[in-house]
1. What figure, in Å² to the nearest 10, do you get for the accessible area of Met269 with a 1.4 Å probe and non-protein molecules left out?
2. At a Förster radius of 35 Å, what calculated FRET efficiency corresponds to the Cβ-Cβ distance of Arg120 and Lys190, to the nearest 0.05?
3. Would you please give the residues with an amide H less than 5 Å from that of Lys153, counting only those at least 5 places away or on a separate chain, with H modeled from the backbone geometry?
4. Express the accessible area of region 136-244 per residue in Å², computed with a 1.4 Å probe while the remaining protein chains stay in the model.
5. Need one value: the accessible area of Glu169 in square angstrom, 1.4 angstrom probe, rounded to the nearest 10.
6. Between Ala132 and Met258, what is the label-point separation in nm under the 7 Å Cα-to-beta-carbon projection?
7. What does the net charge come to around Thr112 if you take all other residues with beta carbon closer than 14 Å to its beta carbon, with K and R at +1 and D and E at -1?
8. Pull out the extension gain between Thr175 and Lys198, defined as 0.36 nm times the separation in residues minus the alpha carbon to alpha carbon distance; nm, one decimal.
Amino acid sequence: MKQAGFFDVEERLARLSGLGDQLEAFSRTVDFEVFRPDLEKALAYLDGSKGGRPPFDPVPMSGQILDATLVAAPKQRNTNAEKADLRAGRIPEDWQDKRAKLSHKDRHARWTLKFTKAKRQDNGTIPSTDLAIPFFGYKSHISIDRKFRFIRKWKATDAAASDGARLREGLLDKTNTASSVWADTAYRSKANEDFMEKQGFVSKVHRKKPHLKPMPRHIQKSNAGKSVVRSRVEHVFADQKSQTGLFIRTVGITRATMRIGLANIIYNMRRFLFLERINASA
């Protein structure tokens with residue numbers, strides 16, 4: 001029997017939705033997350049230490065996933081003094097009387113470091129540290145629903161803005177399919193955990209490695225299971241960058257926000273048409 005591919009499974013789920021899947025009706029009134037501990041215990045999944053494909057999540061698809069991606073902008077050639085003024089929110093003195101120069105200088109984009117996995121060397125070894133690559137531009141923060149992968153909430157910031165703090169700035173959607181929130185360790189903080197608890201959300205945010213201590217096995221296992229769900233948001237960013245060539249060619253945060261917003265709208269339209277096409281062929 002031919003093994004089902006990624007889109008084969010997705011199309012099957014879409015056909016079930018079109019036929020009126022009862023699990024979807026139940027998920028609107030039942031929080032299936034309360035059954036997770038018993039399900040994981042009964043299924044007795046391996047800890048993943050021997051590799052292999054991660055197990056399917058025992059709880060039906062629901063909740064929302066948060067993440068952010070960097071969006072490049074044309075690099076600015078500024079002096080150290082000008083950079084210091086910009087970081088402090090000031091217009092450099094030499095620019096103030098030069099309207100033409102001001103119109104071509106992006107005062108809102110920022111430099112940051114983009115970390116990427118080190119590649120295997122010619123001798124077969126892999127460096128113990130990741131690569132840090134300087135990056136200039138903006139950042140797109142989004143929240144998608146886990147079930148259909150529509151972008152429900154979004155926000156644009158400069159590239160140096162932290163991911164975690166944005167969780168409390170309107171990225172969570174109370175009208176989503178369930179209360180669970182999935183995100184990586186950048187979103188794990190006491191402030192965020194308290195905020196989600198007060199707002200009625202269930203945190204499925206990755207836990208961080210203890211300082212100078214090995215990661216406990218049960219946390220490794222928990223994070224691995226969460227990664228299976230959280231990785232779906234990467235498909236959204238990959239689609240945007242491959243289909244629309246997401247890049248900021250304008251100047252300033254206002255135009256950058258418009259560009260990122262339009263990219264999000266286009267993605268949702270394409271996603272909607274895809275699901276409609278699958279539903280029509282069911």
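The values are calculated or read from the model by the stated rules, or taken from the named source; none is laboratory data. This structure is a prediction, so every number in the text was calculated from the model and none was measured. Heads up, the Cβs are rebuilt from the backbone with ideal geometry, glycines too, and the neighbour counts pull from every protein chain shown. Calculation scope for accessible area: heavy atoms of the full protein, side chains included, ligands and nucleic acids excluded. Shrake-Rupley method; radii C 1.70, N 1.55, O 1.52, S 1.80 Å.
1. Accessible surface of Met269 is approximately 120 Å².
2. Approximately 0.40, to the nearest 0.05.
3. Answer set, sorted by chain and number: Ser143.
4. Accessible surface, normalised per residue, equals 47 Å².
5. The accessible area of Glu169 comes to roughly 80 Å².
6. Rounded to a tenth, the inter-label distance reads 3.6 nm.
7. Charge balance near Thr112 sits at +4.
8. That pair, Thr175 and Lys198, stretches by 6.7 nm at full extension.
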